[in-house]
Structure formats: C-alpha cells, structure tokens
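Have a look at the structure below before the remarks.
None of the figures in this text is laboratory data; all of them are computed from the coordinates on show. What you are looking at is a predicted structure, and each value in this text was computed from that prediction instead of being measured. Neighbour counts run over all protein chains shown; Cβ positions are idealised from the backbone, glycine included.
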Amino acid sequence: MLKSRPVIRLMIGFQLFFGLLLWTPVFFEYQRQLGISVTDILAIQSIYYVAFCLLEIPTGMIADRIGYRRCMLAGGAVLVVSNVMPVSVPSYWGFLVHFLLIALARSLVSGASSAYLYEYMTANGEREQYKQAEGSARSYSLVGKVVGWPLVGLAMQLEMTLPYWLTAVSAVLAVVMAYRLPPLPDSVRKPAAPVHTAVRESLGLLRRTPMLLLFMAQGVAVFTLGRICQVNLFQPILTADSVPLVAHGMVMSAMSVFEALGSARPGIIRRYLTDSRAVFVLTIVMAGTLALTVPGNGVATVAALCVFALTMGLSFPIQRQLINDAIPPTPYRATLLSIESIIDRGVCALVALALGSYLAEGALGEFLLLSAGASVALMAVLLAVLPLVRRRVMRGGKDAEQVLSAP
C-alpha cells in the first residue's frame, strides 16, 4: 500500500471540488438575463485570460515562498469569494471582479497543487506513482463535471443564482481538503529566497536544464491542441458538420468521459513506450484526430473528438510527470511550473488570434489541417533535437535520469 494514499485521496477531493465550476454551461445566458451585453461578456473573458497570464509567475513565486499547501488554501478561499460576487453584485463590475478572482484562484493553485503532490510522493519514495496519482485526480475532476453539468439547467430553473451558490459550497469543500493535507516533510521545505533571487535562479535553472526546456516545448502542442479544440473550436467544428445545437452539451459530456478514462489509466502506455516517447506519439494522434474532423459527417466528427479527448487524457498526467522529473531539486518548483503555464497560454493566445481570421473567412478546415500539420512538424523538430540535447547533458555529467528516460 502506498504511504501517500491518504494524501492522494485528499488531493483527488481537492481537485474535484476546486474544479467543479457548475455555472460553466449557463454563465453566458445568466449574464444576458441580467442585461449585460454580449460585447461586455466577451470583454470580461478577454480581461480574464490576460489576468491569468499576468498572475502565473507572481503566484508561483508566492507558492515557493509561503508553501504549496498554504497557496492551495488561499486559492480555495479566493474561489469561494469569487462565486459569491455574481450573486451579491449582479452587474458588469460584479462579473469582472468574479472572473478576476477566479484567475487569481486558479493561478494560485495551478503550480502549487502539482508541486505539492510531486514533492510529497518523492519524499516518501513513491515518485514513480506520481503520474497515476495526478491522472486519478484529473479523472475524478472530469467525472464531477460530467455528473454536475447536466443538472445545472434544472438548478437554474429552481433558482437562478443556485449554480453559483453550489459552486461556492464546492469551493468550501476544496478548502477543507487542502486544510487536511499534511505539511511537507522538513527535508523538502527550504528557506524562501528574495524575489529577485528567485527569478534569477529560476531562469538560470531553465538555461542549465535543456531537457526541461525540451519537455516544455513538447507540452506546448498538447496544451494548445487541447485548449483550442475544447474551448475555441468545439462549437464551430460541430456546427460545420451539422451536429444539432441541442446535442452539443451531450458531446461535451461524452468527451469529458473519454478524457477521464484516459486520465485514470496513463500507466497503460508505459507498457509499450517510455514517457517522453509516449507524449510524442500521443500528440501526433491528437493532431491526426483533429484533422479527421475536417471531412467528417456528424457521427465521424463526434467519434474523432472522443478519440481526441481520450488521447489528451492519457497525455496530460504523463507530460506532468516528465516536467516534474526534469526539474532538479530546487525551492522554485512552483515558479518553474508557472513559467511553463505562461508559455502554454501565450502560444494558445496567439493561435486563438489567428483562428479569428480563419473563421471570418470560412476557412475552418484549412485552420484544422494547418494546426495538425504544425503540431506534427514541432514533434519532428523536437525528435531531431533530442539526441543533441541528450549528448549535451551527458557531456555535462548531470541530469542522467532525464537522459535515461528519453526515447
């Protein structure tokens, strides 16, 4: 039995309740019923994404200084307050503050939760099981959404503000889970360095750890393909293939089920491929299934999207393990994970900008094929660079574990 099992269960609970934003399927309509214009709703969303990127590194540094567990507690508490705002201040400004607080809450937790679990399991000699633990937490979080989202419409009919109150209660439960987490062992905790030292050391460590940079570049394709497909392209793809609007919610739930299945069983891939090779292969499969939605009819498109979701579910925990393994012992783990998150979201923002012009010209198919081709090309470049990076690491006589884990 794993020594870390009680902590893994608490982390699963935290991820489940923290990620259970029950108002997601109805927030657009909720704001419209309050008289907020579509232009203002989209403006709030734009501000939210910018705020998320700007907050990533500062909150990562805060996590490294005050502790990962405390940062998770703070993120959960902020999420509680954020979900009370739309009810107490039902206006443009109330929703703006609501989304800014969500950006703060998510940025506080994004690097801290992974860093806490990885450090705790490593301290207990169970680092190899981290990938499965991370995948299980993500899987339960997705299952919670699949179960909760279909009930939101009924909840809103009973009381318009109920989805926000239920999400606030869920956030309170996340705070309880974070509070029950034990502190990291003394051997893991390190004294906090000054801010300028933390920034300098983090950037210096990136320069000195080429495998970490390579895995970050590898993860860009996984994150960008997943984000663009599930958020920006989901409805345009289904609409272009004549999938009825009433079925969009069911397709999203089906994709979440397949993603949860993949996240729950990432160890299956290890039977056949090393972790780094698995991410290369899975990214190419994601790109291929995205390209298959171009000529598809409704049924074929939904099938391709479900395979895409399953592959993404398998990829995420494996990629998390690779990144965490590539970070050498350092007090700046959460800061480095935040830097990775900014890179991912920065690339995603650029792709989203390009997407707008393609959609305006009715060139969705061309964009899908271009995205798939660019992802495969990036994987080919990284595979070509990998032997050079490996030789450089071996000449330096360090990061041997990273070299052995490379394909």
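So the values come out like this:
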read-out: Gaussian network model of the chain, Cα within-10 Å springs - most flexible of T39, T293, T167; value: T39
read-out: Cβ-placed point charges (K, R +1; D, E -1), dipole of the range 30-133 about Cα centre in debye, nearest 20; value: 120 debye
read-out: Label-reachable residues, the range 313-355, where backbone N falls under 16 Å from a point 7 Å from A374's Cα toward its Cβ; value: 343-355
read-out: Test item: Cα-centred dipole of the range 201-407, Lys/Arg +1 and Asp/Glu -1 on Cβ, debye; value: 820 debye
read-out: Two-decimal log10 I(q)/I(0) for the range 285-328, as the Debye equation yields it once each C-alpha is a single scatterer, q = 0.17, 0.27, 0.33 Å⁻¹; value: -0.52, -0.84, -1.04
read-out: Length-normalised contact order for the chain - Cα pairs under 8 Å, 6+ apart - percent; value: 24 percent
read-out: Residue-averaged 222 nm ellipticity for the chain, from DSSP H runs of 4+ at -39500 (n - 2.57), nearest 500; value: -27500 deg cm²/dmol
read-out: Exposure proxy ranking, count of Cβ atoms within 10 Å, fewest first, for T161, T311; value: T161, T311
read-out: Dipole in debye (nearest 20) - the chain, about Cα centre, beta carbon charges: Lys, Arg +1; Asp, Glu -1; value: 1360 debye
read-out: Neighbour-count ranking [beta-carbon atoms within 10 angstrom, fewest first] of Y179, Y140, Y358; value: Y179, Y358, Y140
read-out: Calculated on alpha-carbon atoms, Rg and Dmax of the range 1-72 in Å; value: 17.7, 55
read-out: Signed unit charges on C-beta, dipole axis of the chain, positive-most listed residue S256, I269, S107; value: I269
read-out: Fewest-first sequence of Y120, Y272 by Cβ atoms within 10 Å of each Cβ; value: Y272, Y120
read-out: Paired Rg and Dmax values of the range 266-385, which use every Cα atom, in angstrom; value: 16.3, 51
